[in-house]
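What follows is a single structure, written as structure tokens, with notes after it.
Laboratory data are not the source of any read-out in this text; all were calculated from the coordinates shown. These numbers were taken from a predicted model, which means no experiment stands behind them. Note that each Cβ is placed from the backbone with ideal geometry, even for glycine, and that neighbours are counted across all protein chains shown.
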Amino acid sequence: MELLRLFLPVVFPSWRFFAEIGASPRIHFRTGDGPWRDAMERPCALSIAQRLRRLFWNPGWNEALFLSALAERLLVAPEPWLMPEIEARLMRCHGLPHPPEIRLLFVTPSGTEQAWPRDV
């Protein structure tokens with residue numbers, strides 16, 4: 001019975017685990033005067049086999065989640081290593097020769113957008 005009591009919260013987690021649920025930042029980048037691009041674009045469609053495979057192996061999504069966590073941390077508690085880490089990962093993922101210009105985009109539930117830095 002004790003084992004079941006410990007196991008149930010793992011299978012059925014409580015959303016009260018999170019102190020606050022807010023908008024997750026989307027990272028956009030551009031090189032030069034080019035258009036803004038989403039740093040981690042999602043595929044338009046996936047086959048059933050691809051979906052099943054992604055249940056067990058999805059390093060691209062893990063990278064996207066890590067970039068999102070870095071961006072959230074950049075806003076909450078900025079540290080000097082965060083921006084170079086984001087730039088380095090974007091350069092590696094997209095094969096860029098130099099660090100791109102970066103902005104964070106927040107989309108609220110009402111559909112309005114807010115960009116960071118504000119001057120962009």
Checklist entry - For segment 23-76, treating each Cα as an identical point scatterer without solvent, what Debye log10 I(q)/I(0) comes out at q = 0.20, 0.23, 0.29, 0.32 1/Å? => result -0.85, -0.97, -1.13, -1.20
Checklist entry - For W57, what is the net charge nearby, where nearby means another residue's Cβ is under 14 Å from its Cβ and Lys, Arg count +1, Asp, Glu -1? => result +2
Checklist entry - Once label points are set 7 Å from the Cα along Cα→Cβ at both R51 and T31, what is their separation, rounded to one decimal in nm? => result 3.5 nm
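Once you have the Cα-Cα distance between F106 and E41, take 0.36 nm times their residue separation minus that, and quote the gain in nm to one decimal.
Details: separation 65, 0.36 × 65 = 23.40 nm, distance 1.56 nm.
Gain on extension, F106 to E41, equals 21.8 nm.
Set the Förster distance to 22 Å, then compute FRET efficiency between N58 and L96 from the Cβ-Cβ distance, nearest 0.05.
Working: r = 23 Å, r/R0 = 1.04.
Result of the calculation: an efficiency of 0.45.
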Checklist entry - Taking the Cα atoms of segment 1-107 alone, what are Rg (to one decimal) and Dmax (as a whole number) in Å? => result 17.8, 63
